[in-house]
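*Asks:* Got a structure for you, written out below as structure tokens; questions coming shortly.
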Amino acid sequence: MSDIADRVKKIVVEHLGVEEDKVTESASFIDDLGADSLDTVELVMAFEEEFGIEIPDDAAENIQTFGDAVKFINEAS
Amino acid sequence: MFDLTGKNALVTGASGGIGGAIAKALHGAGATVGLSGTRVEPLEALAAELGERAHVLPCNLSDGDAVDALPKQAIEAMGGLDILVNNAGITRDQIFMRMSDEEWQQVLDVNLTSTMRLCRGVMRPMMKARWGRIINISSIVGTTGNPGQVNYAASKAGMVGMTKSIAYEVASRGITANAVAPGFIATAMTEKLNDDQKAAINGKIPAARMGTPEEIAAAVLYLASPEAGYVTGSTLHVNGGMAMI
């Protein structure tokens, strides 16, 4: 697993308090990992801070799974 | 109790009687204050009076871009933003039949839309800090209505609904949002009334007098304090018993 994916996973595990093995490529933050809509906003804020990038609102709306997040950040950083 | 040492507070309409008293109360409890308003002179006079921990942040609240920029300016000046007091407001009184679109829009823009923009602008820093206090200064007329103030009453009632909805969304993040609804408060505006007018007003108030800006400031100070952490989505009416709601 790439360094980016590891860092994203660490943020998700810490923020949502879920087991690491639940955070799979297709795991949806809301449907599978128990996030509410405010959690997803906070996750995006945490990604922005960790990777020094800016994630616009329309892009943030499309980040629904762990895989989406890793893909976006890979492309942005 | 009510120690705000280390907290940073932005107060709009700080050049007015109530806003100035709010800024003084928060400052007196140890907060750093950002004084916002359109008139720079009274803001600077207040900052000079307060001394340290006071920053002047002029802003025209009818200019949406300027309003959006204000939270960032406040954070740059103070180093953070923990308490937001939306106190600024205008009136354009007119009997409803004659009320123009402009009179309606100006009041809604300054009183309601700018409050929304500032609340939105402080969400991110407050969410990150897991602590925040939003206090919106509404009015008794937002609940009771008032002839000649269709626009003002609508804006002040709108603030209450907005405050409650924000309170719902962010309560789990340590952020509270409350409103304070003053009744008749003695300010420069009410000083213009003659004795008969004053007597007529006082006759409707069980406390038989107008309130003081300091009495509004005390309510704001309470809601801004760590002790009020379990109070959210509420409207604190400070009106001498004029409307018991």
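Derivation of every value follows stated rules applied to the coordinates shown; laboratory data play no part. All values reported here derive from a predicted model rather than from experimental measurement. As a convention, Cβ positions derive from the backbone with ideal geometry for all residues, glycine included, and neighbour counts pool all protein chains shown.
*Asks:* If each Cα of the range B:1-141 is one equal point scatterer, what is log10 of I(q)/I(0) from the Debye formula at q = 0.12, 0.15 Å⁻¹?
*Replies:* Those come out to -0.46, -0.70, one per q.
*Asks:* Still on this structure, I have one more. Among B:L193, A:V18, B:S172, whose Cα projects farthest towards the positive end of the dipole of the protein assembly as shown, with charges put on the beta-carbon of Lys, Arg (+1) and Asp, Glu (-1)?
*Replies:* So the residue we want is B:L193.
*Asks:* I would also like to ask the following. Around A:V13, under 12 Å between beta carbons, what's the net of Lys plus Arg minus Asp minus Glu among the other residues?
*Replies:* The answer is -1.
*Asks:* Along the Cα→Cβ direction, 7 angstrom out, place labels at B:K204 and A:E49. What is the inter-label distance in nm?
*Replies:* 4.9
*Asks:* So which aspartates and glutamates can B:K192 reach, going by Cα to Cα under 19 Å and dropping same-chain residues fewer than 8 places off?
*Replies:* B:D93
*Asks:* What pairs from A:K22/A:K71; A:K9/B:K164; A:K22/B:K128; B:K7/B:K72; B:K156/B:K204 go past 27 Å between their alpha carbons?
*Replies:* A:K9/B:K164
*Asks:* Suppose we look only past 33 Å in the calculated P(r) of the range B:8-238. What percent of the Cα-Cα pairs does that tail hold?
*Replies:* The proportion of pairs with Cα distances above 33 Å equals 12 percent.
*Asks:* Same structure again: Taking only the C-alpha atoms, wrap a convex hull around the range A:1-74 and report its volume per residue in Å³ as a whole number.
*Replies:* 77
*Asks:* Build a GNM of chain B with springs between Cα atoms under 10 Å: which of B:N194, B:N202, B:N136 gets the top mean-square fluctuation?
*Replies:* Most flexible of the set in this elastic network: B:N194.
*Asks:* Still on this model: To the nearest 0.05, what FRET efficiency results for A:S26 and B:K72 with a Förster distance of 25 Å applied to their C-beta separation?
*Replies:* The value I calculate is 0.10.
*Asks:* Which Rg and Dmax, in Å, describe the Cα atoms of the protein assembly as shown?
*Replies:* 22.4, 80
*Asks:* Calculate the dipole size of the range B:8-238 relative to its Cα centre from +1 charges on Lys and Arg beta carbons and -1 charges on Asp and Glu beta carbons; express the result in debye to the nearest 20.
*Replies:* 660
*Asks:* Sticking with this one: Taking R0 as 25 Å, what FRET efficiency do you get between B:Y230 and B:R53 from their Cβ-Cβ distance, rounded to the nearest 0.05?
*Replies:* Between B:Y230 and B:R53 the formula returns 0.35.
*Asks:* Now for a separate question. Would you calculate, for chain B, the mean residue ellipticity at 222 nm contributed by helices, counting each DSSP H stretch of 4 or more residues as -39,500 (n - 2.57) and dividing by all residues, to the nearest 500?
*Replies:* Mean residue ellipticity, 222 nm, calculated: -13500 deg cm²/dmol.
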